[in-house]
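Peer 1: Once you've had a glance at the structure underneath, I'll fire off some questions.
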C-alpha cells in the first residue's frame, strides 16, 4: 500500500482494569506491525482534562511523526472546558476534540455540550463521540440526533465512534445523508460484513479506520478493513485518505508529519 | 516471518483450522450465514481449510436435537468437524457418549452460563471423567449471549477448582473478551491442561503476551463465525511476529493435535 494509514481512534494512558499500560514503546511496536503510519490519540481517563491532554502530549512529543494529539473536553467542569480546548488545540496543536458522554450521564446532544460545540464550530474542527447511549430517551434516533446537531453547528464534523464496526442502518443512513457526519470502525466484535455494509450504505468516503488502542489491538482492528470484501480504493480511503481529508492533513503520501 | 506492513491481498501463510464456528440457524436472530455452503464459501474467501463447528440450537435449547441437526447440516463435508454441545444437568451421559462415538465426534462444548449450573465436579465430574478417559477435549465459552439471556461470565474459580481435578483432560477456554482478560491469563498459568481460543481476545498485544506467557501450544485461532468474520483474527495472528512453527501451531496445528487429526 502506498497510501497513508491513519488510526483515527486511540487512547493514551493506563487502564489497569484491563491490563492496559501507558506504554509508548508498545504502542509504536503495534503500530509498526499493523502498518499504521499515524495514530490520533486522546486520553479520556482523567476528570482533569488538562492532565489527560498533557499525557497525550508525552506520546506526541516522543514520536511527533507518528502521533496526532486529540483534545479531551468534559462538561463536568464547564468553567474549564473551552479554556482547556484553547490550550490543547491552539497551544499544543491537537487536531480534533474527543468527548465521552457516557461519563457524564447525558447524551451528546445535551445542551451541556453546546459551549464546547460552539467553540469547535468556530474552529471548523471534528468531534468524535459515541452515537448512542444507554441513557438515551425512548425514540431517539441517530439520524435525528445528528441532524439537529449538524443544523445547529454546521461547521463541526461529527465522527460517530464504533458505528462502522456494526451493521446499524440508522448510523449508516445518517452518515450517507449528512455531509459532515462520519463513521469509525473500531469494535470489540468483528461483526461479519460490517465494513461491507457501511461502505455500501454510507459510502466509502464516510468510513474511518480506528483501533481503540490500547484497549484493542490495531492489528486486529485494521484486519476488518484489510480483509473486507470491498474495492481496494475503498480500503485505501478508509485506512487513511478519508482521515487525511477530514483533518486537512496535507503531508507526504506516506509516513511523515503533515 | 517477513510480511508487508499492510497486505490488502492477505492469504494465510500456513494451514488454518478454525476452532470456533457455529453452523445452523439461531432462534433469536437471523444470522448472515446459517448453512454449510455459506460457511464453506466464507472459509474459502478467508483461506481457512477446516473448521470445528457446533450448533447454536444445541446450546440454546436442546443438545440432542441440535447435535443431530449439526450432523445433518455437515453431511459428508470433510472440512467441517462436528463439536457436540452437552448439558450435563439433563443429558444422559451413556446416550450422549454413544452418539459421540457413533459420529466420531472429537470435541465437546459445555455452556454452564447458559444452562445455569455451577461448573463443579458434583455436576460435571462424571462427564469430565469420561471425556478425559476418551481423550476428548472440552470447550468452555467465557460467556454466551443471546438476545433473551444475559451473557453472564463463566465462574473462573469453579473452572480452576474443577479442571485441576482432571489433569489429563484438555479444556479450551473460548470466546474470552477483554473484560475477562483479568482472570484468563492467571487461570491459564495455573492450569497446564487449559488452552485458549482467541476469537474475541482483542486487547492490545494480548495474544502475543498470552503466547509468551503460556506457550504457543495452548493458543488457538478461532473466528466466532458467523457472529464475526473469519479472516480478521487470522490476519492479526500473522502480524504478531511469530516464527513459522508457532504460527502453524496457533493457526491450526494445535487444534488438529487436540482432535487427533
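Peer 1: Checking residue A:208 against (1) within 14 Å of chain B (Cβ to nearest Cβ); (2) at pLDDT 95 or above: exactly one of these is not met. Which one?
Peer 2: Only one criterion in (1) within 14 Å of chain B (Cβ to nearest Cβ); (2) at pLDDT 95 or above is unmet by residue A:208, namely (1).
Peer 1: Could I ask something else about it? For residues in region A:173-193 being modelled with pLDDT of 95 or more and surrounded by 24 or more Cβ atoms within 10 Å (Cβ to Cβ), which is nearest to the other protein chains (Cβ to nearest Cβ)?
Peer 2: Among them, the one singled out is A:186.
Peer 1: Hey, can you tell me all the residues within region B:115-125 that are in contact with a helix residue (DSSP H, G or I) (Cβ under 6 Å, 6 or more places away or on another chain) and either surrounded by fewer than 22 Cβ atoms within 10 Å (Cβ to Cβ) or assigned to a helix (DSSP H, G or I) (or both)? Write out each step before concluding.
Peer 2: Of the residues in region B:115-125, the ones in contact with a helix residue (DSSP H, G or I) (Cβ under 6 Å, 6 or more places away or on another chain) are B:117-121.
B:117, B:118, B:120, B:121, listed by residue number.
Peer 1: Go through (1) at the interface with chain A (Cβ under 7 Å from one of its Cβ atoms); (2) surrounded by fewer than 24 Cβ atoms within 10 Å (Cβ to Cβ) and name the single condition residue B:239 misses.
Peer 2: Of everything listed in (1) at the interface with chain A (Cβ under 7 Å from one of its Cβ atoms); (2) surrounded by fewer than 24 Cβ atoms within 10 Å (Cβ to Cβ), residue B:239 misses just condition (2).
Peer 1: Something else about it: If I filter region B:1-15 for residues that are in contact with a strand residue (DSSP E or B) (Cβ under 6 Å, 6 or more places away or on another chain) and at pLDDT 95 or above, do I get at least one hit? Explain how you work it out, then say what you get.
Peer 2: If we filter region B:1-15 for residues that are in contact with a strand residue (DSSP E or B) (Cβ under 6 Å, 6 or more places away or on another chain), which is where we start, we get none.
So far as region B:1-15 goes, no, none of its residues is in contact with a strand residue (DSSP E or B) (Cβ under 6 Å, 6 or more places away or on another chain) and at pLDDT 95 or above.
Peer 1: In addition: Any residue that is in a helix (DSSP H, G or I) and over 27 Å from residue A:216 (Cβ atoms) - is there at least one of those in region B:136-144?
Peer 2: Quick first cut of region B:136-144, residues in a helix (DSSP H, G or I) only: none.
The answer is no, given that none of the residues of region B:136-144 is in a helix (DSSP H, G or I) and over 27 Å from residue A:216 (Cβ atoms).
Peer 1: Kindly indicate whether any position in region A:166-182 is touching a strand residue (DSSP E or B) at 6+ places or on another chain (Cβ under 9 Å), part of a helix (DSSP H, G or I) and without any contact (Cβ under 8 Å) to a residue 40 or more places away in the chain.
Peer 2: The answer is yes; a qualifying residue exists.
Peer 1: Counting only residues that are more than 14 Å from the chain's Cα centre (by Cα) and surrounded by fewer than 24 Cβ atoms within 10 Å (Cβ to Cβ), which one in region B:211-234 is farthest from the other protein chains (Cβ to nearest Cβ)?
Peer 2: B:217
Peer 1: From the list B:9, B:18, B:35, which residue is under 27 Å from residue B:240 (Cα atoms) and without any contact (Cβ under 8 Å) to a residue 40 or more places away in the chain? Break it down into steps so the answer makes sense when it comes.
Peer 2: Details: B:18 fails: without any contact (Cβ under 8 Å) to a residue 40 or more places away in the chain; B:35 fails: under 27 Å from residue B:240 (Cα atoms).
Result: B:9 is the single residue among B:9, B:18, B:35 that is under 27 Å from residue B:240 (Cα atoms) and without any contact (Cβ under 8 Å) to a residue 40 or more places away in the chain.
Peer 1: Just name the residue that is farthest from the other protein chains (Cβ to nearest Cβ) out of those in region B:192-209 that are surrounded by fewer than 20 Cβ atoms within 10 Å (Cβ to Cβ) and over 16 Å from residue A:220 (Cβ atoms). Show your work before the answer.
Peer 2: Here is the first cut: in region B:192-209, the residues surrounded by fewer than 20 Cβ atoms within 10 Å (Cβ to Cβ) are B:192-193, B:209.
Next, only the ones that are over 16 Å from residue A:220 (Cβ atoms) stay: B:192-193.
Working: B:192: 22, B:193: 24 Å.
Result: B:193.
Peer 1: Here's something else I'd like to know. Just wondering, is there one or more residues in region A:145-156 that are closer than 25 Å to residue A:213 by Cα, touching a helix residue (DSSP H, G or I) at 6+ places or on another chain (Cβ under 9 Å), modelled with pLDDT of 95 or more and surrounded by 15 or more Cβ atoms within 10 Å (Cβ to Cβ)? Show your work before the answer.
Peer 2: Start the filter on region A:145-156 by keeping residues that are closer than 25 Å to residue A:213 by Cα, which leaves A:156.
Now drop any that are not touching a helix residue (DSSP H, G or I) at 6+ places or on another chain (Cβ under 9 Å), which leaves A:156.
In the following step, the residues that additionally are modelled with pLDDT of 95 or more were identified as A:156.
Right, trim to surrounded by 15 or more Cβ atoms within 10 Å (Cβ to Cβ) and you get A:156.
Checking region A:145-156: at least one residue is closer than 25 Å to residue A:213 by Cα, touching a helix residue (DSSP H, G or I) at 6+ places or on another chain (Cβ under 9 Å), modelled with pLDDT of 95 or more and surrounded by 15 or more Cβ atoms within 10 Å (Cβ to Cβ).
Peer 1: Hey, another quick one. Can you confirm whether residue A:236 is out of contact with any strand residue (DSSP E or B) (no Cβ under 9 Å at 6 or more places or on another chain), closer than 18 Å to residue A:5 by Cβ and either more than 11 Å from chain B (Cβ to nearest Cβ) or modelled with pLDDT under 95 (or both)? Let's see the steps before the verdict.
Peer 2: Details: out of contact with any strand residue (DSSP E or B) (no Cβ under 9 Å at 6 or more places or on another chain): yes; closer than 18 Å to residue A:5 by Cβ: yes; either more than 11 Å from chain B (Cβ to nearest Cβ) or modelled with pLDDT under 95 (or both): no.
No, not satisfied.
Peer 1: I've got another one for you. In this structure, does residue B:202 turn out to be touching a helix residue (DSSP H, G or I) at 6+ places or on another chain (Cβ under 8 Å) and at pLDDT below 95?
Peer 2: Numbers: touching a helix residue (DSSP H, G or I) at 6+ places or on another chain (Cβ under 8 Å): yes; at pLDDT below 95: yes.
Against the criterion (touching a helix residue (DSSP H, G or I) at 6+ places or on another chain (Cβ under 8 Å) and at pLDDT below 95), residue B:202 qualifies.
Peer 1: Could you tell me which residue of region A:120-144 is nearest to residue A:248 (Cα to Cα), considering only residues that are assigned to a helix (DSSP H, G or I) and within 18 Å of the chain's Cα centre (by Cα)?
Peer 2: Of region A:120-144, the ones assigned to a helix (DSSP H, G or I) are A:120-123, A:142-144.
Keeping just the survivors that are within 18 Å of the chain's Cα centre (by Cα) gives A:120-121, A:123, A:142.
Details: A:120: 15, A:121: 16, A:123: 13, A:142: 26 Å.
Among those residues, the one meeting the criterion is A:123.
Peer 1: Output the residues belonging to region B:210-223 that are over 18 Å from residue A:219 (Cβ atoms) and at pLDDT 95 or above.
Peer 2: Matches in region B:210-223: B:217, B:218.
Peer 1: Out of curiosity, is residue B:188 crowded, with 22+ Cβ neighbours inside 10 Å and either touching a strand residue (DSSP E or B) at 6+ places or on another chain (Cβ under 9 Å) or in contact (Cβ under 8 Å) with a residue 40 or more places away in the chain (or both)? Give the derivation first.
Peer 2: Values: crowded, with 22+ Cβ neighbours inside 10 Å: no; either touching a strand residue (DSSP E or B) at 6+ places or on another chain (Cβ under 9 Å) or in contact (Cβ under 8 Å) with a residue 40 or more places away in the chain (or both): yes.
Against the criterion (crowded, with 22+ Cβ neighbours inside 10 Å and either touching a strand residue (DSSP E or B) at 6+ places or on another chain (Cβ under 9 Å) or in contact (Cβ under 8 Å) with a residue 40 or more places away in the chain (or both)), residue B:188 does not qualify.
Peer 1: Can you report the number of residues in region A:183-199 which are in a helix (DSSP H, G or I) and in contact with a helix residue (DSSP H, G or I) (Cβ under 8 Å, 6 or more places away or on another chain)?
Peer 2: Pass one, region A:183-199, residues in a helix (DSSP H, G or I): A:194-199.
Still in the running and in contact with a helix residue (DSSP H, G or I) (Cβ under 8 Å, 6 or more places away or on another chain): A:194-195, A:197-199.
So the count comes out to 5.
Peer 1: Continuing with this model, one more query. Among what's in region B:8-31 and is surrounded by fewer than 16 Cβ atoms within 10 Å (Cβ to Cβ) and within 12 Å of chain A (Cβ to nearest Cβ), pick the residue that is nearest to residue B:247 (Cα to Cα).
Peer 2: The residue in question is B:11.
The values are calculated or read from the model by the stated rules, or taken from the named source; none is laboratory data. Please read all numbers here as calculations on a predicted model, not as lab measurements. Virtual Cβ from ideal backbone geometry, glycine too; neighbours counted across all protein chains shown.
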